[in-house]
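What follows draws every value from the coordinates through simple rules; no lab data is involved. Computed from a prediction, not measured in an experiment: that's the story for all the values here. Note that each Cβ is placed from the backbone with ideal geometry, even for glycine, and that neighbours are counted across all protein chains shown.
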Amino acid sequence: MIMISLCRMDNAIILDYIREQLWNNIDEETKKSAQRYFKEQITSHGVKTSIVTKISKESYRMMNGFEKKKIFSVAEELLQSGYIEESFISFKWAEYLSKDFEKHDFDILERWLSEYVTNWASCDTLCNHAIGTIVEMFPDYLPRLKQWTSSDNRWVRRGAATTLILPARKGLFLKEVLEIATLLLKDTDDLVQKGYGWMLKETSKTHQQEVFDFIMKHKKSMPRTALRYAIEKMPKEVRKTLMQK
């Protein structure tokens with residue numbers, strides 16, 4: 001790693017370091033195969049996720065001692081590039097910062113979701129971890145997630161559900177999970193359907209009866225894509241009952 005004095009380190013030096021590392025680790029096979037996972041067009045350097053994660057940790061350590069505001073500033077410059085690896089690094093930094101989150105940081109993360117997320121992987125990296133953590137820390141933001149369900153932006157709508165994935169695993173926010181699933185119930189976008197189906201699946205691990213009752217009530221109008229995701233971890237006989245028309 002390049003060692004640079006904190007007193008003279010600026011955004012450009014950090015960005016140059018990250019991009020040099022990405023450039024040095026381009027794998028043409030990864031670059032060719034990356035697009036297969038997405039329906040929408042992505043911009044990719046072609047670097048394996050494990051290496052991008054390593055770069056995110058190394059570059060974050062370079063900023064040790066920086067104020068959170070400055071780290072957010074560098075992260076936003078990365079996001080502006082449009083490269084999926086650079087957005088991944090930005091969102092991982094936000095995750096690393098989560099122990100220092102303050103309530104007003106939600107507005108930054110919400111804006112990033114709206115302005116910079118252009119695929120399901122970036123959506124889930126940001127929402128599962130950074131936004132999920134800040135909502136768990138400050139639950140009065142839960143109504144904001146409900147507002148997201150009516151957004152014209154498919155990633156914001158998906159984010160309304162995937163933000164609650166990790167809290168749902170802990171058995172948290174059952175009421176809000178079911179409310180958001182209801183608001184997204186008839187969404188025609190398959191990636192939004194998969195998002196709220198995933199949220200229900202995680203919720204079923206601690207609240208199986210409540211999720212069962214929800215699906216039984218709504219299964220006639222619930223898209224099959226969402227239904228299949230939601231029941232994936234339930235017992236075979238329960239799944240069979242829920243799949244019956």
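Ranked by the mean number of other Cβ atoms within 10 Å of their residues, highest first, the peptides 209-218, 76-85, 100-109, 157-166 fall in the order 157-166, 76-85, 209-218, 100-109. Check the straight Cα-Cα distances from residue 69 and name the aspartates and glutamates below 15 Å, setting aside those fewer than 8 residues away within the same chain. Residue 69 reaches 10, 77, 95, 100, 102, 105, 107. In summary, the convex hull built on the alpha carbon positions of region 43-100 has an orientation-averaged projected area of 3.7 nm². Relative contact order, whole percent, for the chain stands at 12, derived from Cα pairs under 8 Å and 6 or more residues apart. For region 139-245, the spread of Cα coordinates along the three principal axes comes to 36, 28, 18 Å, biggest extent given first. Students often get this wrong, so check it: of 146/170; 68/194; 31/54, which have C-alpha atoms separated by over 28 Å? As for pairs spanning more than 28 Å Cα to Cα, those are 68/194.
The packing ranking of peptides 189-200, 47-58, highest mean first, is 189-200, 47-58, where packing means the average number of other beta carbon atoms within 10 angstrom of each residue. Counting only the Cα atoms, region 111-170 fills a convex hull of 70 Å³ per residue.
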